Amino acid sequence: MSADLCELGFLEAADALAKGQMTSAELTAALLARAEQLEPALNALTWRDAEAAQAAAKAADEARAAGDERPLLGVPIAIKDLLNVKGQPCTAGSNILKGYTAPYDATVIERLRAAGCVFISRTNTDEFAMGGSTETSAYGTTRNPWDPERVPGGSSGGSAAAVAARLAPAALASDTGGSIRQPAAFCGVTGLKPTYGRVSRYGCTAFASSLDQVGPMARTVEDAAAVYQVIAGLDSHDSTTSARPVGDCLADVRAAADLKGMRLGLPKEYFAEGLDPEVERLTRAAAEQCRELGAEIVDVDLPHSRYGIACYYILAPAEASANLARYDGVRYGFRAGAEELQEMYEKTRAQGFGAEVKRRVILGTYVLSSGFHDAYYLRAQKVRTLIRGDFDRAFRQCDAIIGPVTPTAAFRVGEKSADPVQMYLGDIFTVNVNLAGICGLSVPCGFTAAGLPAGLHVVGPAFEDARVLTIGAAYQHSTDWHKKQPEI
Amino acid sequence: MAMNFSENADRMDVRYVAGLARIALSDEEAAQLQGQLDDILAFVGELKTLEVEGVEATDVAGEAQNAMREDEPQAGLPREAALANAPLARHGQIVVPKVVE
């Protein structure tokens with residue numbers, strides 16, 4: 001059974017463990033063996049400790065033998081190297097956190113731990129989640145399992161590649177401007193960016209706090225929903241989390257068979273210049289599939305969409321410049337040798353941060369600086385209001401919005417790394433969802449002629465995460481794109 | 001989708017701003033960043049063409065409000081755990097270069 005164990009999805013694994021068809025130790029060993037075999041070429045993981053993972057799996061098996069019936073007991077999950085897991089390193093893909101060991105669990109980890117999950121590995125990320133390709137990681141670029149010459153997307157490219165390559169049945173990731181949905185689309189997996197305030201960020205290395213959200217990646221919508229339900233909900237350690245009940249959507253997601261009575265909005269702004277013709281064709285075919293499932297497809301307008309990237313690349317760097325002030329070489333992480341304090345700060349940050357992080361911290365410092373604050377930061381906050389207003393109006397006409405996740409399929413390693421603006425333009429369909437604080441799901445919707453996956457974006461109003469999951473599941477149940485596997 | 005670069009983009013003094021951000025730059029880095037940041041500022045400068053008079057600013061798009069809880073003391077990170085990641089620690093304290101003469 002061993003090689004096939006890696007094929008099991010998150011809920012399938014839970015089921016097989018509950019039925020005694022395998023042990024967590026067997027499953028964990030199979031996944032680690034696969035990582036051993038694929039990692040040299042894939043580089044999806046920044047860290048794994050076979051012994052520790054085996055010990056955790058064994059403990060879960062013993063608990064089960066002693067009568068523990070927690071449904072997710074012993075199910076392995078990979079964690080983006082941005083989230084603190086007590087006793088494991090947490091580097092955020094940066095040299096400045098090399099050698100840092102997490103002294104506590106992030107809230108999402110605490111919840112998965114309480115559910116019995118095994119934290120099998122840590123996944124690669126662009127440095128401090130700043131990037132769309134994992135090329136800014138201090139640990140090197142992760143390769144796309146569908147084509148090693150191409151990027152897996154980012155920043156959660158390691159999580160997406162690990163799930164696609166069957167190194168883990170599911171992974172946690174984070175999304176500030178598209179960092180769950182874009183790599184999910186590039187790697188042919190399912191990823192949810194929950195509503196802002198739905199999932200706690202306590203213990204998640206902060207990038208842009210008004211935009212950051214933690215969410216799941218998996219091979220099916222059901223699996224993503226199962227992880228989402230464990231991690232979502234109020235947390236006294238993150239004051240942005242909502243007290244609204246999370247509810248149980250898993251039964252609805254599982255049963256989703258059609259889209260009757262659903263109105264889905266297709267924004268004409270998303271089908272403009274710059275959208276790759278193949279991605280457009282796949283997205284339109286997915287919309288047609290939704291129509292066949294009973295949905296009414298309506299045209300909606302998001303007139304300020306085109307300003308989203310400019311707005312985001314003012315607000316996110318501004319917040320990052322403040323959040324990353326803590327990396328000064330004093331309390332934790334890397335410290336450069338220096339005679340006096342100011343020099344120590346400047347050298348530590350010069351040597352510890354990579355080029356993209358420096359670029360964004362400097363940009364963010366500039367847009368917040370005296371004399372420029374109103375022209376950039378305040379103006380961008382006002383544009384953010386206009387972008388939110390677009391969605392508010394659109395959601396009066398439809399239950400959810402559908403469209404492409406990315407303007408193109410996965411690009412080549414190195415293709416955009418020299419030109420930051422070109423890289424930023426790839427976020428065109430995803431950033432607005434973060435700016436508006438709403439939820440978005442990426443589900444596989446087909447392949448380009450070159451064999452690269454594309455994603456269908458299902459965007460819903462705030463706190464309608466269950467709705468986008470159910471819509472995504474209905475679509476997924478009628479297609480088999482998510483069942484295709486990369487040949488690696 | 002590609003936006004028109006604005007004509008009247010600002011040009012930042014990269015070295016000065018990097019100093020504010022406490023990042024030392026080599027000459028080579030400064031030159032490269034200058035070009036890239038000029039491009040980025042020209043790009044984000046597109047927002048200046050948009051009429052925002054009278055529009056309220058959004059700082060957080062959520063239901064965020066003051067979250068209150070009982071003011072009860074709770075255990076924090078133990079000192080040893082907090083110091084375990086310090087680059088240099090001695091006598092239960094973090095060691096830093098001398099600040100005052």
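Here are some notes:
- Region B:13-86: GluC sites (Glu not before Pro) in DSSP coil with no more than 11 other Cβ atoms inside 10 Å: B:Glu51, B:Glu53, B:Glu56, B:Glu70
- Residues with amide H under 5 Å from that of A:Leu456, placed H, sequence gap 5 or more: A:Val443, A:Cys445
- 15 Å tail of the calculated P(r), region B:41-101, as % of Cα pairs: 77
- Estimated dipole of region A:2-254 in Debye, rounded to 20 [Cβ of Lys and Arg +1, of Asp and Glu -1, Cα centre]: 320
- At R0 = 35 Å, FRET efficiency that the Cβ-Cβ distance of A:Glu415 and A:Gln485 yields, to 0.05: 0.90
- Scanning chain A for trypsin sites (Lys or Arg not before Pro) that sit in a DSSP loop and have at most 13 other Cβ atoms within 10 Å, the longest stretch containing none of them is A:99-259.
- Proximal charge balance of A:Lys382 [Cβ under 15 Å; K/R count +1, D/E count -1]: -3
- For A:Leu5, A:Leu259, A:Leu27, A:Leu386, the sequence from fewest to most other C-beta atoms within 10 Å is A:Leu386, A:Leu5, A:Leu259, A:Leu27.
- Kirkwood hydrodynamic radius of chain A, Cα pairs, Å: 22.2
- Which of A:Ser478, A:Ser159 has the fewest Cβ neighbours within 10 Å, and the rest in rising order: A:Ser478, A:Ser159
- As a rough footprinting exposure proxy, the listed residues A:Asp238, B:Asp59, B:Asp27 were ranked by other beta carbons within 10 Å of their own, and the order from fewest upward is B:Asp27, B:Asp59, A:Asp238.
- Sparse packing (at most 13 other Cβ atoms within 10 Å of the Cβ) combined with a DSSP loop state is found for the following trypsin sites (Lys or Arg not before Pro) in chain B: B:Arg11, B:Arg69, B:Lys98.
- Within chain A, longest stretch free of exposed GluC sites (Glu not before Pro) [DSSP loop, at most 10 other beta carbons within 10 Å]: A:70-272
- CD proxy at 222 nm, helix term only [per DSSP H run n ≥ 4: -39500 (n - 2.57); per residue of the protein assembly as shown; nearest 500]: -11000 deg cm²/dmol
- Taking the centroid of alpha carbons for each part, region A:113-145 and region B:52-90 are 24 Å apart.
- Rounded to the nearest 20 debye, dipole of chain A from Cβ charges on Lys, Arg, Asp, Glu: 620
- Spatial offset of region A:209-277 relative to region A:310-381 amounts to 31 Å, using the alpha carbon center of each.
Computed from the coordinates by the stated procedures, all read-outs in this text should not be read as laboratory data. Here the structure is a predicted model, which means the values were calculated and not measured. FYI the Cβ positions are ideal-geometry reconstructions off the backbone, even for glycines, and counts take in every protein chain you see.
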